[in-house]
1. Looking at Thr219, Val165, Val202, which one has the Cα that reaches farthest to the positive end of the dipole of the range 138-221 (charges on Cβ: Lys, Arg +1; Asp, Glu -1)?
2. Under 18 Å between alpha carbons, and skipping anything fewer than 8 positions from Lys136 in its own chain: which aspartates and glutamates qualify?
3. Once you have a ≥ b ≥ c as the square roots of the Cα gyration tensor eigenvalues for the range 77-197, tell me rounded if a/c is under 1.5, and otherwise prolate or oblate according to whether a/b is larger than b/c.
4. Among the listed pairs Lys82/Lys154; Lys185/Lys217; Lys9/Lys142; Lys9/Lys154, which are separated by more than 26 Å between their Cα atoms?
5. Spin-label point model (7 Å from Cα, Cβ direction): what's the His211 to Asn61 distance in nm?
6. Report in % the part of the accessible area of the chain that belongs to carbon and sulfur, leaving out ligands and nucleic acids; probe 1.4 Å.
7. Build a GNM of the chain with springs between Cα atoms under 10 Å: which of Phe134, Phe24, Phe54 gets the top mean-square fluctuation?
8. Calculate, for the chain, the solvent-accessible area per residue in square angstrom, rolling a 1.4 angstrom probe over the heavy atoms of the protein chains.
Amino acid sequence: MIELRPFAKLGGADHGWLKAKHHFSFGSHYDPGNMGHGALRVWNDDEIAPNTGFPAHPHANMEIITYVREGAITHQDSLGNKGRTEAGDVQVMSAGSGIRHSEYNLEPTKTRIFQIWIEPTTQGGQPTWGAKPFPKPDRSGKLVTIASGFEDDKDALPIRADARVLATTLKAGESAEYTPNKTRKLYLVPAAGAVEVNGVRVNARDGAAIHNEARLKITALEDSELVLVDAA
């Protein structure tokens, strides 16, 4: 089953410096009927104006993956971690027992990100942060795991969740396939372009909530970039 969630129908907020769309209930956009998809709790589509950002704020017991689509995001946290993650790269923060962090767009142009929150399998623990480049040419034509809670995904950034996050870039006409366990909950969002997923068209920034599908065939209708979460 594939449930399409068009970008134009997503809830959101415009704070001036931040334009956000929420695939699930978040902040002032409260939707008790849409609190997540399996362990996937948040998928925010954020556009951050130059030289603005999120001042220091706390998190606990959440795996937070930031996928940078355009520009760059600069992170600083209460553990002393600092880092700049640019387009094509990914950062992961395991909030664990509690951490404070800030995220700013210090670039001269807008930064666009997907921020994805996944519920951890265990509560508490030492907070961690990490970032890694995943060059788009390296994931051209195939799904690459960029964050994972599974030991076999050795090249991915680690998260403490029964989940993995994958990404690919596809040229028009190219296809990628993924074979999940039918009991899993999948959520797919194209960052750019348009794809067909098992016959269902998904445009840029639309969401596709997927479950009870034994196999996914993702075909690019135009040059596309997409992110897929596979969660319990």
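1. Result: Val202, furthest along the dipole toward the positive end.
2. Glu70, Glu86, Asp89, Asp155, Glu174, Glu177, Glu222, Asp223, Glu225
3. oblate
4. Lys9/Lys142; Lys9/Lys154
5. 2.2
6. So the carbon and sulfur contribution to the accessible surface is 49 percent.
7. Of Phe134, Phe24, Phe54, the Gaussian network model singles out Phe54 as fluctuating most.
8. Per-residue accessible area for the chain comes out at 43 Å².
The values are calculated or read from the model by the stated rules, or taken from the named source; none is laboratory data. All values reported here derive from a predicted model rather than from experimental measurement. So basically every Cβ, Gly included, is an ideal-geometry build from the backbone, and we count neighbours across all protein chains shown. Note: accessible area is taken over every heavy atom of the protein model, side chains too, but ligands, DNA and RNA are not part of it. Shrake-Rupley method; radii C 1.70, N 1.55, O 1.52, S 1.80 Å.
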